[in-house]
Each structure stands twice: as C-alpha cells, then as structure tokens.
Amino acid sequence: CAFIAVDVLDGDDAVTLIREHQPPRDEHGNPVYSVPPDQHLPPPGFQVTSEDEPVAREIARELGRFTLAVESVAIYLGLHPEIRPADYLARLRAEGLPSVDDLPKDADVAAQMRHREKQLRLVLDQTLARLTPAERTALEFAALLPHDSIPWPWLRALVEQEHPDALAARPGYPDPWAALRRRLEGLRLLTPGDHPEIARLHRMVAPHVRARLSRKAEEMLRRLRERAEGFALALQREIRNAPERHVWKVAPLQDAVRHWREGERDTAFGHIAGVVGDIEARIGRLDGAEAFLGIAHETLERIHAANPESAEAARDVSVSHFKFFAFHRKQGDEQGAMRSLAACFAILD
C-alpha cells in the first residue's frame, strides 16, 4: 500500500488535483456543466487556465503541499464552482488554515474525505507497525508538539532517554540518529519545516498517533516538558554568547507554550514561558516578552497558591516578579520596576 495519504505534492501534481475537481468554464470564467451540477461530476479533459495554474501552485504552497489538505480544497472548489481558485486563495490567506479544517463540515466534502481518512488510518496503522521502538518513540513525542514546529534536537534527546542503546554510535557504522531521521522523513511521517532542525507532522496524522498513546500520553507529556525546560534553560545561556546562531530555537519554545497553554500547566511549563519572556525582552521584542512573562507568572502563582508551604513554588514566583522588574526597567517604567521588586522580596519574607 503506497504511503500517499500523508505525502506532499509538487506544483504540477497540485495543479492536476485541483484541475480534476474543477468544471469547465466559458470565456467569461463561468462554469459550464455537461451534467446537472447537483451530481458533482466534473467532466474530463478540463484544462486549467493560465490564470488558475499559478493559483493552484500557491494554494499548495499555503497548505504545506500536504496531499490531504490540497485534496480537501480541490473537492470543495469542485463542489462550489462559483468560487474561483484565486478567490479561495485570498480567503485562505485572510483566514488561515482553520478555514481548511472547516471544509469537511460541508456534507459532500465530508463524504469524500471520510473515505480518504479511512485510507489514511489503514495506511498509518500498517506503517506504524513497521517502525522500530526508537522511531515510534520519536513520532509519538512529535505528536505532542505543535504539528508544524517540532525540533529534531528535542526528539533526539527524548529517544536517547527512552532507548539509550538505540542511538549508540559505532566506528565504521552509519549514525543511528541520522538513519532514524531519514526513515521517518522517507515515510513522510515527519517532513521538513521552516528550519533544517525543525520538522512538521501532518495535522491529520498527529491525532491518530496521539489516540494510540492512550494512558501513556500524560506521562510522555510530562517528560517532554521537562526536556523542553532543559533546552529553554540552555538557550538562555547560549543566546547571550551567539544570538545569531541560536535565535532559531526561540520560535519552537514559543509555539510549545501556545500549544500547551489550554491544557494543564505544570512547573516546567511555567519555567519555559518565563525563559521565553526573558529572551524576548533581551532581544528587544517587548510585546512578546510581556505576554510570555504574564503566562509564566500566572502559572507559577497558581502552583504556589495550591502549594503554599512549598519553598520551591515561592521561589519560582519570586523569580517571576524579578523578571518583571528587569522587564519594566528595560521599558523605562521605574515605578513598575519598583513594584515588581517589592513583590519579589515580599514573597520571600
């Protein structure tokens, strides 16, 4: 069974896919049916116009060239020929990817996509069964991260923790980690992201993988956050010495905080958010700094309130106040800085 469902399309394939679902149009761009429109059967032989071809390529690019996402748009445009591809591209850019996720709510689109999703589940189950334990662990942790912001170094650290012997290098033999990464990329389970060390996981694959975790998910998320906290603290040191080399590492931490914000927040989450806010302030992005420092402070205060006798929880809140002290000083807000400093010492009294 070919692993097509989570593959990516090149520009020509995207044009073909959208073309196959489009009705022919007259010289004014109006759809011309050779069958009643309610049958939704696009006639064969329709040629994408010179106007539509670059639009199809842009739609594929906006969707990360994932086959299922492009196909859902192609089906939708075929069922609604009054919508020109160029107009849908404008809508997609204005509304973002959630509009694509909403497409299967259309009954006809849903009927066609359900079949494709069934195929996807079948192919995924067959593919996941062939993975090694280390490969499966990497994919499972990836499914707990934002689907388009998955740092390979995080996955490596987690796989090393879970399967220390699996990545042991031997002189004269291929690097086991490079082989694992090539394997997951070759199966299109993880695909290249916006940086060489960032991967993406298809948004329809992630929930399937998470569902297979069942009771393991909570413990795996705890371990993932602990590792992410370690990377955050290391970055806090690294970025002082070589910011241009390490600044790419900030974005996946930001994305992880946003991704986990609606769930249960633990101490590691609060520390990660605080580090992100501190780094944002250090590099001069003060709006982002304030937002992440606020998330950290709210989280750590809540933990302290639930554990009033904990010296560690009190210290965390004190450090959070001190971060705000430094932030207000950077803003030139001396009054705000002094209030934060007073709160910092009050917690320790």
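Entry remark, segment 217-234: residues being more than 12 Å from residue 253 (Cα to Cα) and among the charged types (D, E, K, R) number 5 in total. Inside segment 180-209, residues that are surrounded by 15 or more Cβ atoms within 10 Å (Cβ to Cβ), in a helix (DSSP H, G or I) and out of contact with any helix residue (DSSP H, G or I) (no Cβ under 7 Å at 6 or more places or on another chain) make up a count of 1.
Restricting segment 243-267 to residues that are of a type in the set (Gly, Ala, Ser) and open to solvent by 10 Å² or more (accessible area, probe 1.4 Å) leaves a set whose member that is nearest to residue 292 (Cα to Cα) is 251.
The set of residues in segment 184-211 being at pLDDT 90 or above and either among the β-branched types (Val, Ile, Thr) or more than 19 Å from the chain's Cα centre (by Cα) (or both) consists of 198, 209. Grab the helices (runs of 4 or more DSSP H) fully contained in segment 242-326, keeping just those with 2 or more residues being under 17 Å from residue 346 (Cα atoms) and in contact with a Ser or Thr (Cβ under 9 Å, 6 or more places away or on another chain). Where helices (runs of 4 or more DSSP H) fall fully within segment 242-326 and carry at least 2 residues being under 17 Å from residue 346 (Cα atoms) and in contact with a Ser or Thr (Cβ under 9 Å, 6 or more places away or on another chain), they are 286-306.
Based on this model, can you work out whether residue 145 counts as buried (at least 18 other Cβ atoms within 10 Å of the Cβ), under 18 Å from residue 204 (Cα atoms) and among the hydrophobic types (A, V, I, L, M, F, W, C)? Yes. When segment 210-226 is limited to residues that are closer than 15 Å to residue 263 by Cβ and of a type in the set (Asp, Glu), the one that is most open to solvent (accessible area, probe 1.4 Å) turns out to be 218. The number of residues in segment 292-315 being surrounded by fewer than 18 Cβ atoms within 10 Å (Cβ to Cβ) and either of a type in the set (Val, Ile, Thr) or under 16 Å from residue 280 (Cβ atoms) (or both) comes to 1. Scanning segment 231-242 for residues that are of a type outside the set (Asp, Glu) and either touching a helix residue (DSSP H, G or I) at 6+ places or on another chain (Cβ under 7 Å) or open to solvent by less than 40 Å² (accessible area, probe 1.4 Å) (or both) yields 231, 232, 233, 234, 235, 236, 239, 242. Please indicate, with yes or no, whether at least one residue in segment 316-337 is surrounded by 18 or more Cβ atoms within 10 Å (Cβ to Cβ), on the phi < 0 side of the Ramachandran plot and touching a Lys or Arg at 6+ places or on another chain (Cβ under 7 Å). Yes, segment 316-337 has at least one match.
Yes/no per residue for (1) part of a helix (DSSP H, G or I); (2) modelled with pLDDT of 95 or more; (3) among the aromatic types (Phe, Trp, Tyr); (4) open to solvent by 80 Å² or more (accessible area, probe 1.4 Å):
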site: 88; (1), (2), (3), (4): yes, no, yes, no
site: 108; (1), (2), (3), (4): yes, no, no, no
site: 113; (1), (2), (3), (4): yes, no, no, no
site: 123; (1), (2), (3), (4): yes, no, no, no
site: 134; (1), (2), (3), (4): yes, yes, no, no
site: 155; (1), (2), (3), (4): yes, yes, no, no
site: 159; (1), (2), (3), (4): yes, yes, no, no
site: 166; (1), (2), (3), (4): no, no, no, no
site: 171; (1), (2), (3), (4): no, no, no, yes
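The values are calculated or read from the model by the stated rules, or taken from the named source; none is laboratory data. Remember, predicted model here, so these are calculated numbers, not experimental data. Methodologically, a virtual Cβ is constructed for each residue, glycine included, from the backbone with ideal geometry; neighbour enumeration extends over all protein chains shown. For accessibility, only protein heavy atoms count, side chains too; no ligands or nucleic acids. Shrake-Rupley method; radii C 1.70, N 1.55, O 1.52, S 1.80 Å.
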